[in-house]
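Please read the structure below before turning to the comments.
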Amino acid sequence: MTVAQRDICNYLDTQFRGCQYELIGEGSVKVTDRGGKSMTFTCNLFGDIMDAETKEIVATSDLPHDLDKIGFQRPTKWENSIGYFG
């Protein structure tokens, strides 16, 4: 599991219960619910969670959105995007 996939799983753990995760490549995680519906997530350099298919931001991380300020920090919280969830 890569660092990016660990971050995605940490976010997913706050949103989904009883789902299966599948690691895809080096930077994506596929979530499948009990009904068999699935969705794949990825993240950007700022730790924001993205829909891997549409590249829409699903949730914004608590990291600074400035590469000079991030350093080696990892996100600990995410705020769901109103634009994505409606």
_Within segment 33-50, does at least one residue satisfy the condition of being open to solvent by 30 Å² or more (accessible area, probe 1.4 Å) and in contact with a His (Cβ under 6 Å, 6 or more places away or on another chain)?_
yes
*What number of residues within segment 7-41 satisfy the criterion of being free of Cβ contacts under 8 Å to residues at least 24 places away in the same chain, assigned to a helix (DSSP H, G or I) and either in contact with a helix residue (DSSP H, G or I) (Cβ under 9 Å, 6 or more places away or on another chain) or charged (D, E, K, R) (or both)?*
1
*Every residue from segment 59-86 that is buried (at least 16 other Cβ atoms within 10 Å of the Cβ) and either modelled with pLDDT of 95 or more or among the acidic types (Asp, Glu) (or both)*: 59, 60, 61, 63, 75, 78
*residue 25: modelled with pLDDT of 95 or more, open to solvent by 60 Å² or more (accessible area, probe 1.4 Å) and on the phi > 0 side of the Ramachandran plot, yes or no?*
yes
*Could you say whether any residue in segment 63-71 is under 21 Å from residue 1 (Cβ atoms), out of contact with any Leu (no Cβ under 8 Å at 6 or more places or on another chain) and part of a loop (DSSP other than H, G, I, E, B)?*
yes
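The values are calculated or read from the model by the stated rules, or taken from the named source; none is laboratory data. What you are looking at is a predicted structure, and each value in this text was computed from that prediction instead of being measured. In this analysis, Cβ positions are derived from the backbone assuming ideal geometry, glycine residues included, and neighbour counts consider all displayed protein chains. We work out accessible area using only protein heavy atoms, side chains counted, and drop any ligands, DNA or RNA first. Shrake-Rupley method; radii C 1.70, N 1.55, O 1.52, S 1.80 Å.
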